[in-house]
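Only one structure is covered here, and it is reproduced in the block below.
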Amino acid sequence: MLAIIGGSGLTQLVNMEVTRRLVMRTPYGEPSGALTFGMIGAHEVIFLARHGYAHTIPPHEVNYRANIWALGSQHVDHVLSVASVGGIRSDFTPGSLAIPEQLIDYTHGRQSTFFDTRDKPVTHTDFTEPYCETLRQACIRSAQACGKKVIQGGVYAATQGPRLETAAEINRMERDGADMVGMTGMPEAILAREAGLCYAAIAVVANYAAGRGSSEHGVRLEEVSGVLKAAMADVRVILENLVEHYGD
Ligand code: HPA
């Protein structure tokens with residue numbers, strides 16, 4: 001079954017007919033909220049709001065392990081993250097969508113592995129290609145089928161937050177090869193990989209990153225809600241098409 005983790009701007013799926021909600025405790029604590037089971041068209045999916053349904057959990061306090069563990073326990077095999085980002089590369093303009101193919105992790109102090117106890121063998125998980133190529137390609141195909149433009153690829157920089165970046169930090173990330181910046185892509189992606197789940201993301205560019213475009217002298221995220229709303233409507237259309245291939 002496909003699970004969708006929604007980020008800022010996507011705390012619910014209006015095109016999903018909710019069938020039940022499941023409150024869970026996991027060995028890692030509580031997920032961000034109840035798992036929402038429902039139907040998109042003829043297919044069952046699970047939705048989880050990463051920041052909680054009232055958007056109260058900041059990126060560095062999301063219990064990523066509990067979220068992934070909870071989804072894995074419910075026969076989920078594919079996880080699609082929807083995450084808002086700041087655009088670094090010049091074509092990552094507000095409102096555009098991208099399917100990242102690489103990431104760089106700048107986060108720190110987060111619980112970022114399931115293999116941290118002495119009762120499990122030391123495990124070094126391969127992460128050369130951090131996103132599931134099959135699910136990435138399916139997202140690209142679905143976007144194309146719906147006539148929605150997506151940037152096919154890009155490097156996602158995961159920052160600690162909750163503060164935004166300095167202009168110099170963005171310049172450094174660009175030199176590192178990053179095209180977009182967000183606060184939640186890690187450790188979510190590695191935990192999904194450790195749990196054996198196929199994971200990909202749709203990045204929604206909410207704003208120009210610090211020092212770029214209209215953010216030259218500051219990022220005003222409170223001004224991006226209109227952009228985000230329109231882009232999330234596109235994401236919902238793409239998801240409807242995607243579940244045809246990945247829903248149960
Ligand atoms: N930086 C980090 N995370 C973000 C941004 C940003 O500019 N926009 C949306 N999420």
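The values are calculated or read from the model by the stated rules, or taken from the named source; none is laboratory data. Please read all numbers here as calculations on a predicted model, not as lab measurements. In this analysis, Cβ positions are derived from the backbone assuming ideal geometry, glycine residues included, and neighbour counts consider all displayed protein chains. Just so you know, the surface numbers come from the protein's heavy atoms only, side chains and all, with ligands and any DNA or RNA stripped out. Shrake-Rupley method; radii C 1.70, N 1.55, O 1.52, S 1.80 Å.
Miscellaneous remarks
- Residue count for region 69-104, restricted to those that are touching a helix residue (DSSP H, G or I) at 6+ places or on another chain (Cβ under 9 Å), within 15 Å of the ligand (Cβ to nearest atom) and within 19 Å of residue 183 (Cβ to Cβ): 15
- Only one of the numbered conditions (1) in contact (Cβ under 8 Å) with a residue 12 or more places away in the chain; (2) away from the ligand (no atom under 13 Å from the Cβ); (3) not in a strand (DSSP E or B) is not met by residue 118, and that is (1).
- Test result for residue 226, away from the ligand (no atom under 11 Å from the Cβ), open to solvent by 10 Å² or more (accessible area, probe 1.4 Å) and on the phi > 0 side of the Ramachandran plot: no
- Options 123, 134, 128, 107; residue that is assigned to a loop (DSSP other than H, G, I, E, B), away from the ligand (no atom under 14 Å from the Cβ) and either among the aromatic types (Phe, Trp, Tyr) or closer than 23 Å to residue 71 by Cβ (or both): 123
- Against the test of being surrounded by fewer than 18 Cβ atoms within 10 Å (Cβ to Cβ) and within 14 Å of the ligand (Cβ to nearest atom), the options 218, 196 yield a single qualifying residue, 218.
- Residue match in region 141-149 (condition: open to solvent by less than 40 Å² (accessible area, probe 1.4 Å), within 17 Å of the chain's Cα centre (by Cα), within 16 Å of the ligand (Cβ to nearest atom) and touching a residue at least 40 places away in the same chain (Cβ under 8 Å)): no
- Condition met for residue 166 (polar (S, T, N, Q) and touching a helix residue (DSSP H, G or I) at 6+ places or on another chain (Cβ under 7 Å)): no
- In summary, strands (runs of 3 or more DSSP E) completely within region 1-92 and bearing 1 or more residues that are surrounded by 17 or more Cβ atoms within 10 Å (Cβ to Cβ) occur at 2-6, 35-40, 43-49, 78-87.
- Hits in region 8-51 - residues which are closer than 18 Å to residue 78 by Cβ, within 16 Å of the ligand (Cβ to nearest atom) and not aliphatic (A, V, I, L, M): 50
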